[in-house]
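Okay, so here's the structure we're looking at.
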Amino acid sequence: MRRLAERGNMNERIDVTLRKFRSRMSSYPLGMCPLALYRSLLQISINQSCGKCVPCRDGLVEVDRLLHSILTGDATEETLGKLEEMCRMIAESADCAVGVMGANLILDSLSEFADEYENHIKHKHCVDKVTQTIPCITLCPAHVDVPGYIALIKEGDYEGAVKLIRNRNPFPTACAMVCEHPCERQCRRAIIDAPINIRGLKKYAVDQAHADKVSTPRKNVSTGKKIAIVGGGPSGLTAAYFLALMGHSVVVYEEHEKAGGMLRYGIPEYRLPKERLDEDIKAILASGDIELKCGMRVGRDITFEELRKDYDAVYLGLGAQIGNRMPMENAEAGNVVPAADFLQLVANGNPPDLTGKNVVLIGGGNVAMDAARTAIRLNAETVHVFTRKRDDYTALASEIEGAMQEGVRFRTLLSFLHIETDKESGNVASVWLQPEIVAEYDKFGMMTTEHSSNYPYRFKCDYLILGVGQRSDTAHFEESGVPAERCRIKADTACAVEGMPGVFSGGDCVTGPSTAINAIAAGQVAAYNIDEYLGYHHKVDCEVTAPPAYPNPCIPTGRAEIEEKDPVERRDNFDFVELSMTYEEAVRECGRCLRCDHYGCGSMEGGRGE
């Protein structure tokens, strides 16, 4: 019994150590020298070696010595050859996975970071301009000053926080509610306990200071230049906001009755109340000379050629609002609807009556989760989500958990074969599914599957939602000479369209369906490049500065989460599901920020992620 107790205590200590170690691994700083990173990973393999075989016991140590000489600038081209030769020998002769995987790790780095190895050998340092950056700022596609606005929230300056957010992102309210918060992914606070709840703090700020009540920066004097923007979604309106502040005149052409794009017509009310979205849009339209023309479709009410003739520059922010159908028989049957189309029907006030119906949804992304949870709120009897692979569930974990709590049922390892229809009504009657089994991972680290020996089976349903992606309507623009491939406009990283001077494009119509913050980032990049194209170099001043940083005692503290209404209460209506943070929670959460913009990586050149 005593031995069992000691073994249990040892296992508990090992679990604690591993949890702490995983935190450090997940918090590796962005911009870290990749050779130093790979050397630290190699040393993990060295520590795991049992010492029974020479290739692993001595070979990995020799590889570590060679890597150290490269990092310290003492290596030559001959050292690089020895390193590769040694790793190949270990990979081929080591007795177990410790040596094989350790050696393959370094072999991968030799091909992936050949320029880094060359620079370390020839110039004795990393590739130029590679420095550690502030993770939250760098991982935010719009590069919002996260530590800065968190510090302002802590000081109680909520208007200042909103202004600082809008220095890069004119949708503080929408992003506070629906952003996937990639900024939290490598928050260095995770070394101590858990990442800062950045989205939660942003939501607290906009709840205290509504965006339409916070003044926008003073706009520059008028330049006399006119820019046409096609699409009033997050990308188009972001470009309009920055261009208007620069002093340009902007006209936004939006085909729907209201602006907002997929923020309005693709995200359900329970996640983003439209009156809160309107707060952001009102502030954007009030920022300068912006004219919004709704109900205007380019290609129907005005041509692309006319826009190019009448304006000094054109920005195409079309979005991706057309839902994809699967290329199979009966894909156009009644009650078979793409998820994006389904959500737009609901947003436009024309929801289907799902009372008592069995709904099936194919797909595992955020749009699919929105559609599944919307179907629950439309009184569906059952909602089943099917995917082929486990990693097809690309939606946020919180969205999947919310759907489960509300009664959505999930099944994976099922491939979708075909649709069976009712002969009399022509509506979907059932779907046929093939059980799968897991197989090898592909070169991108994604799981593959193959058919199971189990027979396909028929699953009855009354309504089928296809969450299999979206595309942009580029037909008119392609006819007008805009280069596009598979409904995606060809534009470079500066958002300039290939071979068409003065025409820019960004967001979902370039990258394919993505997140709101990525569309916002594209609009920001396009605005500054359009300004440069017109011969200017304007800067936008948010008229607020972050408070000074104070030392953080690094005391482990629990993360404040955003609470939600009870699932039983929220599944029967479209009311907003999230509850506000309390003042005490917000202040304590702000106090957890390590202010990496001033300490650590923030003290290095280029540290603010510009």
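Every read-out reported here was derived from the displayed coordinates using simple, explicitly stated rules and does not represent laboratory data. If you're wondering where the values come from, they're calculated on a predicted model, not measured in any experiment. So basically every Cβ, Gly included, is an ideal-geometry build from the backbone, and we count neighbours across all protein chains shown.
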**Unit charges on C-beta of K, R, D, E only; dipole of the chain, Debye** = 1260 debye
**Prompt:** Once a ≥ b ≥ c are taken as the square roots of the eigenvalues of the Cα gyration tensor of the range 395-456, is the result rounded (a/c under 1.5), prolate (a/b larger than b/c) or oblate (a/b not larger than b/c)?
**Reply:** oblate
**Request:** Along Cα→Cβ, 7 Å out, is where each label goes; now give me the distance between the ones at Glu584 and Thr394 in nm to one decimal.
**Result:** 4.2 nm
**Prompt:** Cα-Cα over 32 Å: which of Lys202/Lys539; Lys203/Lys490; Lys52/Lys122; Lys202/Lys309; Lys52/Lys82?
**Reply:** Lys203/Lys490; Lys52/Lys122; Lys202/Lys309
**Prompt:** What shape does the range 276-327 take by its C-alpha gyration tensor, where a ≥ b ≥ c are the square roots of the eigenvalues and a/c under 1.5 counts as rounded, a/b above b/c as prolate, and the rest as oblate?
**Reply:** oblate
**Complete:** Quick calc, Asp212 & Arg297: beta-carbon distance into FRET formula, R0 30 Å, rounding 0.05, result 0.60
**Estimated FRET transfer efficiency (Met101, Tyr536; beta-carbon r; R0 35 Å; 0.05)** = 0.05
**Integer Hz, Karplus 6.51/-1.76/1.60 couplings in order for the range 410-415, x for Gly and Pro** = 10, 9, 10, 6, 9, 8
**Asked** Given the Cα atoms of the range 184-302, and with Rh set as the inverse mean 1/r over their pairs in the Kirkwood sense, what is Rg to Rh to two decimals?
**Response** 1.07
**Request:** Could you calculate the FRET efficiency of Ile191 with Asn573 from 1/(1 + (r/R0)^6), where r is the beta carbon distance between them and R0 is 56 Å, rounded to 0.05?
**Result:** 0.85
**Message:** Please compute the modelled spin-label separation between Asp353 and Val130, points set 7 Å along Cα→Cβ, answer in nm with one decimal.
**Reply:** 6.4 nm
**Prompt:** What list of ³J(HN,Hα) values in whole Hz, one per residue of the range 49-59 in order, does the Karplus curve 6.51 cos²θ - 1.76 cosθ + 1.60 (θ = phi - 60°) give from phi, with Gly and Pro shown as x?
**Reply:** 5, 7, x, 7, 10, 5, x, 7, 5, 9, x
**Request:** Counting residues in the range 313-450 as N, plug N into 2.2 N^0.38 Å and put the Cα Rg over that result.
**Result:** 1.14
**Complete:** Sequence order, the range 309-325: Karplus ³J(HN,Hα) from phi using 6.51 cos²θ - 1.76 cosθ + 1.60, θ = phi - 60°, Hz rounded, Gly and Pro as x, gives 6, 8, 10, 6, 7, 10, 10, 9, x, 6, x, 9, 10, 9, x, 7, 10
**Request:** Once every Cα of the range 536-587 carries one equal point scatterer and solvent is ignored, give the base-10 log of I(q)/I(0) from the Debye formula at q = 0.13, 0.14, 0.27 Å⁻¹, two decimals.
**Result:** -0.69, -0.73, -1.12
**Request:** Would you mind computing Rg(Cα) / (2.2 N^0.38 Å) for the range 246-317, counting N as its residues?
**Result:** 1.24
**Message:** Can you give me the long-range amide H partners of Ala331? Hydrogens built in the peptide plane at 1.01 Å from N, cutoff under 5 Å, separation of 5 or more residues or another chain.
**Reply:** none
**Complete:** So Asp442 and Leu110, fully extended at 0.36 nm per residue minus their Cα-Cα distance, gain in nm 117.5 nm
**Prompt:** What residues of the range 463-488 lie in the reach of a label at Glu305, counting those whose backbone N is under 17 Å from a point 7 Å from the Cα along Cα→Cβ?
**Reply:** 475-483
**Asked** In straight Cα distance, which lysines are under 29 Å from Lys357, not counting same-chain residues fewer than 8 positions off?
**Response** Lys274, Lys389, Lys423, Lys460, Lys565
**Request:** Have a look at the DSSP beta bridges in the chain and tell me what percent are antiparallel, nearest 5.
**Result:** 40 percent
**Asked** Looking at the range 383-448, what % of its DSSP beta bridges pair antiparallel, to the nearest 5?
**Response** 75 percent
**Prompt:** Per q in 0.05, 0.08 1/Å, what log10 I(q)/I(0) does a Debye calculation on the alpha-carbon atoms of the chain return?
**Reply:** -0.27, -0.70
